[in-house]
């Protein structure tokens, strides 16, 4: 590529809502993140596969397809109740493949490490990654390590990429193109545990709680759910931006609405209490072991029953449905009989949560 061509391609872009600086909110998973993706990355990386903006790229092959995804992890602190940055790196990438309907097979692992970082902590992280990969049935097949000067990186950052095999019958799950009014919405358990676990572990808060992250690989649970029904139409893991952002992303611009029943959501009291203390909304708090599934109403109970057989799905519930009302909008039926609009997270709520 000539220098002239490169100059043409890299003409500066004005990012909506912020002309020349990246804010913490651009990594929140909410509106600023979407503006950044739409007005910068999608603009210059433009191609039909990327433009689907699903959790994994679906790449056509001669027989089946492959799903391909990548993610970077910068959580602070790197160790928290229920896991560490290594658990997150494996689970986050495995889950992005699984919710696309794929069978996760291979991972890469890239490490950026600050000079002076503890070798024993690095070993603990690597061991946790190996254990979780083995449980998930995936293989870490390639990687890279870079060490930067002290002060040039906050302890350790990890990037993982993943490849999975995607059966043709599951290709539409990423887009949710088959969703219709009457379909039911299932989540496999409580919300907000990961985000509040990480927040409580931050030393500056000095908060003592019993909250544990829900960080886990969900591919076996998801595979069992897919085997139980041919009517699963959409799946997404509710990570940054939480359940609220997943729902509002899905319904945006659609010809249907979504209603969620507040009394069907499982929110542990410790999570609810910490959210109230810190001023957070559990709907928008990150999870690392929760999948949102939309399934045809006639199979909803069957899928729910299958999910509940897994230790990672014991608190699963049907939390809402697809509606003909309020097209393009999502709302929450509150416990006191009112209605509340569910909008995409705007700005930053929880920085460096994954």
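Please treat every number below as a calculation from the coordinates, not as lab data. Given the structure is predicted, the values throughout are model-derived calculations rather than measurements.
Multiply the residue separation of residue 202 and residue 23 by 0.36 nm, subtract the distance between their alpha-carbon atoms, and state the gained length in nm to one decimal. Write down the numbers at each step before the final one.
On the way: separation 179, 0.36 × 179 = 64.44 nm, distance 2.05 nm.
Stretched out fully, the residue 202 to residue 23 stretch lengthens by 62.4 nm.
Let a ≥ b ≥ c be the square roots of the eigenvalues of the Cα gyration tensor of the range 176-341; is it rounded (a/c under 1.5), or, if not, prolate (a/b larger than b/c) or oblate?
oblate
Rounded to the nearest 500, what is the 222 nm mean residue ellipticity of the chain from helices alone, with -39500 (n - 2.57) per DSSP H run of 4+ residues and division by all residues? Let's see the in-between values first.
Values: 9 runs with 93 residues, N = 354.
Estimated from H runs of four or more residues: -8000 deg cm²/dmol.
Can you tell me, using C-alpha contacts under 8 Å and at least 6 residues apart, the relative contact order of the chain as a whole percent?
Numbers: 779 pairs, mean separation 82.1, N = 354.
Once divided by the residue count of the chain, the mean separation gives 23 percent.
Would you list the P(r) distribution for the chain, with all Cα-Cα distances sorted into 10 Å bins from 0 and each bin expressed as a whole %?
Per 10 Å bin, starting at 0, the Cα pair percentages come out as 5, 24, 35, 26, 9, 2, 0.
If each residue of separation counts as 0.36 nm, what is the full-extension length gain between residue 325 and residue 123 once their alpha-carbon separation is subtracted? Numbers along the way, then the final one.
Details: separation 202, 0.36 × 202 = 72.72 nm, distance 5.29 nm.
Between residue 325 and residue 123, full extension yields 67.4 nm more.
Regarding the range 54-171, what's the average projected area of the Cα-atom convex hull, expressed in nm²? The partial results should precede the final answer.
Working: hull surface 30.4 nm².
Across all orientations, the range 54-171 yields a mean hull projection of 7.6 nm².
Given Cα pairs under 8 Å that are at least 6 residues apart, what percent is the relative contact order of the range 102-158?
On the way: 69 pairs, mean separation 35.6, N = 57.
Normalised by residue count, the contact order of the range 102-158 is 62 percent.
If contacts are Cα pairs under 8 angstrom and at least 6 residues apart, what is the relative contact order of the range 54-171 in percent? Write out the running numbers ahead of the final one.
Values: 232 pairs, mean separation 49.2, N = 118.
This gives 42 percent for the range 54-171.
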